[in-house]
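Below: one structure, written as structure tokens.
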Amino acid sequence: MAASGTFGCPHRPALPGLEEFTGQVLHAADYRSPAPFTGRRVVVVGAGNSAVQIAVELAETARVTLATRGPVKFVAQRALSRDLHFWLTRTGLDTAPLGRFLSRPPAQPVLDDGRYRAALAAGQPELRPLFTGAGGTKLVWPDGQREEVDAIVLATGYRPDLPYLARLDGALDAEGEPRHREGLATNVPGLAFVGLEWQRSLSSNSLRGVGRDAERIAWRLAAPLARR
């Protein structure tokens, strides 16, 4: 059972001109606090929770742009005096076995109590489409503007960390993603996964859901052995 989860490998996408950028580039996994960026020009790439939270925090001490491929989508953190996760559990959406119907995990909206939407509306941080190129320490924006930038923070998510399965024929696809159905490998008998995003349900890669999936997978692996 490969139980190394979803968050072991920071994803650094091939962004336009990123290889030519000579300023500081770091992933959100390496971000700790806004202090080192005080007074600097920073671009945060991404439209998810980490991207928005980091960008808003940095905007208190730096000049920040949140660069995204598409719009930032928000969902209220609380509804009817209850946290969103309460409603996900109460309605059954948290455990609904929808993973089998998804070819790729959907983008997660930004959970917001109102402050993040307000910060973006106020331009703290500024919201812009993704840059189209780079050269030296300058980024090129879609309108042709070239701007000096000190640092880029890639809040671009994670991928499963499964290099130990690379030589196991059929375990992974060409992009290194596991081939599975609800956690059971489709091409390698006896192989299973735990902790993958939307492995079986919305909560599969979270602390509240991984134990449930692990129990189910363990039972399914053991059942054929019991019949021998």
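The values are calculated or read from the model by the stated rules, or taken from the named source; none is laboratory data. Nothing here was measured: the structure is a model prediction, and the numbers come from that model. Virtual Cβ from ideal backbone geometry, glycine too; neighbours counted across all protein chains shown. Surface areas here come from the heavy atoms of the whole protein model, side chains and all, with no ligands, DNA or RNA. Shrake-Rupley method; radii C 1.70, N 1.55, O 1.52, S 1.80 Å.
Values computed for the structure shown
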read-out	value
Alpha-carbon radius of gyration plus Dmax, which is the widest Cα pair, for the chain in Å	20.4, 68
5 Å-binned pair-distance histogram of the range 14-62 (Cα, whole percent)	4, 18, 31, 26, 16, 5
Cα centroid separation, the range 75-91 to the range 157-228 (Å)	29 Å
Packing-based ranking, highest mean first, of 24-30, 83-89 given that Cβ atoms within 10 Å are counted	24-30, 83-89
Diffusion coefficient, µm² s⁻¹, Stokes-Einstein with Kirkwood Rh over alpha-carbon pairs of the range 1-103 at 25 °C and 0.890 mPa s	145 µm²/s
Within the accessible area of the chain (1.4 Å probe), percent carbon and sulfur	53 percent
Added length on full extension, which subtracts the Cα-Cα distance from 0.36 nm per residue, Gln145 to Gln108	10.3 nm
Between 0 and 90°, nearest 10: helix 210-226 axis offset from the chain longest Cα axis	30 degrees
Neighbour cut-off at most 11 other Cβ (10 Å), DSSP loop, GluC sites (Glu not before Pro), the range 145-228	Glu175
Net charge over other residues, Cβ less than 12 angstrom from the Cβ of Lys138 (K, R count +1; D, E count -1)	-2
Among Arg78, Arg179, Arg32, residue whose mean-square fluctuation peaks in a GNM of the chain (springs only between Cα atoms under 10 Å)	Arg32
